[in-house]
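Beneath this line is the structure, given in structure tokens, with notes to follow.
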Amino acid sequence: MNSDRDRDPAGRPRNARPRDGLGRPLGRADSPGLSGSAEVSGVSGAERIPDDLVIGGAEAAGLADQLLRDGRPFHAHEVLEAAWKSGPVEQRDLWQGLAQIAVGLTHARRGNARGAVALLRRGAGRVRAHQDRAGSQRLDGQPGGPFGMDVGSFLAAADDLAARIERDGLDGIPVADLSPGLLAGA
């Protein structure tokens with residue numbers, strides 16, 4: 001076992017390396033603790049989402065929305081993944097599907113058209129399957145989407161983006177189209 005790897009108390013590997021705004025690891029030598037800067041080729045290190053984040057419902061939706069709108073879909077994925085892993089079983093497909101869409105947006109921003117289309121479609125399909133199983137049942141007792149999310153608009157944006165990327169590639173896709181919001185009216 002490599003003792004240089006960062007591990008949690010149970011011995012599972014963690015990756016504490018700094019990451020850029022799209023979640024790509026920066027070199028260990030670029031860690032602020034080692035060199036005083038997390039800047040590499042003009043890409044600065046972005047604040048990490050804790051590996052052990054426990055978050056649910058409205059808080060996860062709000063933070064993920066902010067990160068998506070800020071052009072940080074990788075970090076939104078980490079928040080949505082935390083909600084999926086720590087939330088109630090009946091909500092897991094919702095959160096997992098939303099996380100997959102965020103990964104699709106990450107692939108698009110990184111220039112991977114094929115991965116973007118695959119993850120955008122897979123995530124949208126998972127969310128729709130969740131909606132079909134849940135029927136009209138509300139998760140938070142309020143009108144609109146669960147936890148203030150506008151899931152319908154988010155899925156429409158994912159579907160539209162996947163179709164455009166598949167048809168035309170990533171060239172010409174405005175950056176704003178890669179930053180769809182998750183919350184209604186935000």
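Key figures
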quantity: Calculated log₁₀ intensity ratio I(q)/I(0) where the Debye formula runs over C-alpha points of region 55-171, q = 0.11, 0.15, 0.21 Å⁻¹; calculated: -0.32, -0.60, -1.14
quantity: Relative packing of 106-116, 77-87, which averages over residues the other C-beta atoms within 10 Å, highest first; calculated: 77-87, 106-116
quantity: Distance (nanometres) between label positions extended 7 Å along Cα→Cβ at ARG164 and ASP132; calculated: 2.7 nm
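Bear in mind these aren't lab numbers, they're just calculated from the coordinates by the rules spelled out. Computed from a predicted structure; not experimentally measured. We place every Cβ from the backbone using ideal geometry, glycine too, and count neighbours over all the protein chains shown.
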